[in-house]
Every structure is written in C-alpha cells, then in structure tokens.
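Read through the structure below, which is laid out as structure tokens, and then see the notes.
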Amino acid sequence: MTCASTAPALTSASARAPEIEDISVVIPCYNEELNAQAIAAAVIAELEKTGASFEILFIDNCSTDRTVPIIREMCLADPRIRLIVNTRNFGQMRSPTHGIFAARGRAVIGMCADFQDSPALLPHFVERWRAGVDIVLGVREAEDSGTVLRLVRGLSYWLAKNFGDFQTIPNATGFGLYSRRVVDAIKALNEPEPFYRGLLVETGFPLETIGYVRPPRARGASKNNFFTLLDFAVTGLTGSSKRLLRVPLYFGVVGIVIALAMLVGAGIAFFTGRPIAGWLIGSVMQAQVSLIFGFLGLMGDHVRQISERTRAAPLVHERERYNFPQDY
C-alpha cells in the first residue's frame with residue numbers, strides 16, 4: 001500500500017521565525033484524518049494558557065487517508081503548525097523519535113494524536129519544566145484494556161525490572177516533556193531503533209511523573225495489534241538490557257545440574273528395576289529446547305541491532321517538509 005498523494009513538496013509557508021520556541025509539541029500520526037484538527041486545536045488551547053511560545057510538529061508515517069492534506073491546510077492557517085511526511089511507514093519507534101530530533105524548542109513534548117495522551121496535562125508539564133525538571137512523564141493510573149494486554153504489560157515490566165540495565169517507569173508510554181539537553185543527549189546515542197521511554201531514564205536527568213486516567217481513543221481505530229506490540233516490547237527489552245545475553249549461560253548451568261540429577265535418577269531406577277518416566281524426561285527436554293530457541297531469538301535481536309548500528313542508516317527518509325521557516 002502506498003502513501004496518499006499530496007501536493008508538490010514545499011519547504012516553507014511562513015516568514016522567518018524571530019526566535020526559537022519555548023515548546024515543541026511533536027505528534028506522530030498514521031491515518032489520523034479524524035483526529036488531526038481536533039488534537040491541534042486542543043494543544044493550542046492548552047499551551048496558550050501557559051504564555052509560552054510553541055510550535056506543533058506533525059510527523060506523518062506515510063498515511064493512506066487524508067491526514068496529510070488536512071494538516072497541510074492547517075499549516076496554511078497557522079504558522080505554528082509544521083509537517084514532516086515520511087517516504088514510507090518507518091514504525092512506531094523511529095518516526096516519532098525523528099520528529100523529536102527535528103523539533104527545535106527549548107523543551108519537546110511527545111504525544112499521540114488520538115487523545116489517549118490528555119492535552120490537559122500540557123500546562124502541568126510546562127510548569128514543572130519551568131521549575132527546573134528535565135523530564136516530566138505522564139503515567140497512566142488506569143486504562144480500559146483487556147486482561148491479556150494487562151498480563152503482557154505486567155510481564156514486560158517484570159522483565160525490564162529484573163533484567164534491564166536501568167529501571168524504566170511502569171505505565172509510562174513516553175507521553176511527556178523533555179528538556180533540550182535531554183533530547184540532545186538521546187540523539188547523541190545514535191540508536192537505530194530508539195526505545196525512547198527507556199532512553200529517557202538512561203540519561204539520568206531529573207525525572208518526575210504525573211498520574212492520569214488514560215481514556216480510549218477519541219476517533220478512528222488503533223494501528224496496533226498483538227504482533228506490533230510484541231515487536232515493540234522485544235525491541236525495547238533487547239535495546240535496554242545487555243544482561244539478557246548472560247541469561248542463556250545461567251540456564252545452561254541450571255540445565256547441567258538438572259541433567260546430572262536426571263542421570264543419577266535414571267541409574268537408580270535402572271538398578272532397582274523401576275520404570276523410567278520417559279514422558280517426564282521428554283517434557284523437560286522439550287522445555288529446555290524451547291528456552292534455548294527463545295533466548296537465541298533474543299540474542300539474534302541483539303545481533304540485528306549491532307548490524308543496524310554498523311549500517312548507520314537514518315531513522316527515516318523524509319518526502320517533504322511543510323511550513324518550516326528558512327532558518328529552522
């Protein structure tokens with residue numbers, strides 16, 4: 001499926017900006033024609049309360065609906081709204097991060113277009129940033145999600161806590177504010193598939209959280225499914241946990257101990273004339289093989305990320321930029 005067609009690329013539709021904005025709000029989108037105008041209006045209404053100068057930067061991941069034309073019309077009406085259009089869909093990690101790196105504000109706010117990240121929190125983010133906090137994250141206190149999704153999330157948080165190189169923030173999706181020095185520090189890491197919410201913690205800068213009840217999507221359908229969420233979780237885990245490479249060694253040692261115990265048990269059963277529980281041995285062997293393949297998969301993902309770093313490919317390729325000042 002190809003991207004929806006747009007007008008010829010334009011690099012600027014506004015005059016030179018007199019100064020760098022206080023706040024850049026980066027909103028990644030893919031087929032958000034039902035939400036784009038509403039989220040921009042809500043963000044503008046909330047940020048105008050703060051008295052801060054700001055820009056809204058949409059980064060479109062090759063939408064196939066009318067998202068791009070709608071945002072282009074918004075850019076014509078408001079010079080504070082800007083647009084980057086990718087040449088293809090680069091995924092849920094690379095595209096939003098590229099948008100954050102492209103923003104020039106003294107602080108950057110990352111949020112979704114579907115209203116699950118509440119615009120009402122933006123003034124609170126700005127207030128804490130003005131007080132000197134480098135990272136302010138919204139943390140969901142409740143969300144209407146299924147039992148399976150809650151269990152999977154709980155497992156991923158447990159793995160990150162016990163095997164991660166640093167503690168991630170449970171129930172934080174990346175919705176929040178990051179100071180310029182935080183953004184620059186993450187950009188310098190040159191991660192090929194940046195797990196941004198983990199990299200925020202890795203920087204070590206002061207961090208605060210604000211709890212909120214995450215509502216369902218306002219309009220449209222979610223672009224996530226089980227496999228995209230699984231890919232997101234695995235990439236985040238392998239990208240933030242080098243200790244996982246040692247886990248197969250630990251299981252190998254335990255496996256040797258179990259194998260020795262089974263050998264002794266088999267010898268005793270043989271000499272005493274008792275039957276050997278072949279089904280039990282088979283099930284244990286099957287479990288060991290499954291673990292081996294699982295951890296080989298994780299190790300393979302580490303190798304893949306090493307390959308991506310060596311290739312040094314950009315996060316995305318841009319098809320066009322619209323409404324960016326000449327001195328941006």
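The values are calculated or read from the model by the stated rules, or taken from the named source; none is laboratory data. Remember, predicted model here, so these are calculated numbers, not experimental data. All Cβ positions, even for glycine, are placed from backbone atoms using ideal geometry, and neighbour counts span all protein chains on display. What goes into the accessible areas is simple: the full protein's heavy atoms, side chains included, and nothing from ligands, DNA or RNA. Shrake-Rupley method; radii C 1.70, N 1.55, O 1.52, S 1.80 Å.
Here are the numbers for this structure:
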{"quantity": "Of residues in segment 295-328 being within 18 Å of LYS187 (Cα to Cα) and not in a helix (DSSP H, G or I), the one modelled with the lowest pLDDT", "calculated": "ALA312"}
{"quantity": "MET93 vs. criteria of a type in the set (A, V, I, L, M), open to solvent by 10 Å² or more (accessible area, probe 1.4 Å) and at pLDDT below 95", "calculated": "yes"}
{"quantity": "Qualifying residue in segment 4-23 (condition: open to solvent by 20 Å² or more (accessible area, probe 1.4 Å) and at pLDDT 95 or above)", "calculated": "yes"}
{"quantity": "Only one of VAL213, VAL247, VAL201, VAL182 that is at pLDDT 60 or above, open to solvent by 40 Å² or more (accessible area, probe 1.4 Å) and not hydroxyl-bearing (Ser, Thr, Tyr)", "calculated": "VAL213"}
{"quantity": "Long-range neighbours under 8 Å by Cβ, at least six apart or interchain, first residue closer than 17 Å to ALA38 by Cα within segment 55-66, second of a type in the set (Ser, Thr, Tyr) and open to solvent by 10 Å² or more (accessible area, probe 1.4 Å)", "calculated": "ASP60/TYR30"}
{"quantity": "Scope segment 104-126; condition surrounded by fewer than 22 Cβ atoms within 10 Å (Cβ to Cβ) and touching a Gly at 6+ places or on another chain (Cβ under 6 Å); matching residues", "calculated": "LEU121"}
{"quantity": "Filtered residue count, segment 120-141, keeping only those that are at pLDDT below 95 and farther than 20 Å from ILE100 by Cα", "calculated": "2"}
{"quantity": "Residue in segment 72-90 that is nearest to the chain's Cα centre (by Cα), counting only those that are open to solvent by 40 Å² or more (accessible area, probe 1.4 Å) and under 20 Å from GLU33 (Cβ atoms)", "calculated": "ASN89"}
{"quantity": "Segment 160-179 - residue that is surrounded by 16 or more Cβ atoms within 10 Å (Cβ to Cβ) and out of contact with any Lys or Arg (no Cβ under 9 Å at 6 or more places or on another chain) and, of those, modelled with the lowest pLDDT", "calculated": "ALA160"}
